[in-house]
Amino acid sequence: MIQVVAGIIIENKTVFIAKRKKGNVLEGYWEFPGGKHEIGETLEASLIREFEEEFNVEIEVLEKLHDNIHHYPQISIHLHSFICKKIKGEFQLLDHDEVQWVNIEELENILLAPADIPIIEALKKATLNK
Ligand SMILES: Nc1nc2c([nH]c(=O)n2[C@@H]2O[C@H](COP(=O)(O)OP(=O)(O)OP(=O)(O)O)[C@@H](O)[C@H]2O)c(=O)[nH]1
């Protein structure tokens with residue numbers, strides 16, 4: 001089982017998602033950016049590092065949103081998602097094919113990585129009264 005972190009950034013009621021690059025596992029699927037947790041790092045530090053590596057932005061990790069385990073045919077992942085905020089820089093496309101901001105209600109019409117599906121419900125609940 002690998003530990004994976006994913007960051008949810010919400011601005012103007014839309015959420016930031018990125019399309020996995022051709023040649024990567026789950027090519028063409030959209031994801032909440034992040035990556036593998038590395039030993040010796042906190043989950044939050046992994047997420048901050050991934051956003052810097054993949055988009056050249058600095059984020060602040062605000063709160064845990066959800067965590068779930070998903071079994072892919074080749075690998076099982078424990079996915080930890082966090083609500084984050086961009087605090088510095090403009091998103092640069094360094095490791096994805098595309099990015100977009102989508103309304104939370106529209107997320108279910110997007111081809112998201114299968115492990116990310118439970119995050120949609122958690123996100124809807126978390127933002128219901130905001
Ligand atoms: N970053 C990210 N990975 C996800 C999500 N959902 C999901 O199933 N994954 C899976 O989690 C695993 C790790 O993600 P990754 O490939 O982005 O990790 P990484 O940036 O550290 O990869 P690297 O080994 O190429 O440096 C992959 O198998 C990926 O398919 C998601 O929302 N965000």
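The values are calculated or read from the model by the stated rules, or taken from the named source; none is laboratory data. Note that the structure is predicted; figures quoted are calculated from it, not measured. Positions of Cβ are backbone-derived with ideal geometry, glycine not excepted, and every protein chain shown enters the neighbour counts.
Per-structure values
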| read-out | value |
| --- | --- |
| Any hit, the stretch 43-52, residues being out of contact with any strand residue (DSSP E or B) (no Cβ under 7 Å at 6 or more places or on another chain) and surrounded by 15 or more Cβ atoms within 10 Å (Cβ to Cβ) | yes |
| From the options 44, 38, 52, 58, residue that is over 22 Å from residue 104 (Cβ atoms), touching a Ser or Thr at 6+ places or on another chain (Cβ under 9 Å) and charged (D, E, K, R) | 38 |
| Candidates 63, 27 - the one that is exposed (fewer than 12 other Cβ atoms within 10 Å of the Cβ) and part of a strand (DSSP E or B) | 63 |
| When residues of the stretch 1-18 are limited to those that are more than 11 Å from the ligand (Cβ to nearest atom) and in a strand (DSSP E or B), the one surrounded by the fewest Cβ atoms within 10 Å (Cβ to Cβ) | 11 |
| One residue from 125, 86 being among the basic types (Lys, Arg), surrounded by 13 or more Cβ atoms within 10 Å (Cβ to Cβ) and at negative phi | 86 |
| All positions within the stretch 31-47 that are of a type in the set (Gly, Ala, Ser) and either at pLDDT below 95 or closer than 24 Å to residue 19 by Cβ (or both) | 34, 35, 46 |
| Pair list, Cβ < 7 Å and 6+ apart or interchain, from the stretch 101-116 residues that are without any contact (Cβ under 8 Å) to a residue 24 or more places away in the chain and closer than 26 Å to residue 90 by Cβ to residues that are assigned to a helix (DSSP H, G or I) and within 12 Å of the ligand (Cβ to nearest atom) | none |
| Test for residue 47: is it touching a helix residue (DSSP H, G or I) at 6+ places or on another chain (Cβ under 7 Å) and not in a loop (DSSP other than H, G, I, E, B) | no |
| Matching residues, the stretch 30-44, being under 15 Å from residue 84 (Cα atoms), of a type in the set (A, V, I, L, M, F, W, C) and either more than 12 Å from the ligand (Cβ to nearest atom) or not in a loop (DSSP other than H, G, I, E, B) (or both) | 43 |
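The rows are residues; the columns are (1) out of contact with any strand residue (DSSP E or B) (no Cβ under 7 Å at 6 or more places or on another chain); (2) more than 12 Å from the ligand (Cβ to nearest atom).
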residue: 69; (1), (2): no, no
residue: 72; (1), (2): yes, no
residue: 78; (1), (2): no, no
residue: 84; (1), (2): no, yes
residue: 92; (1), (2): yes, yes
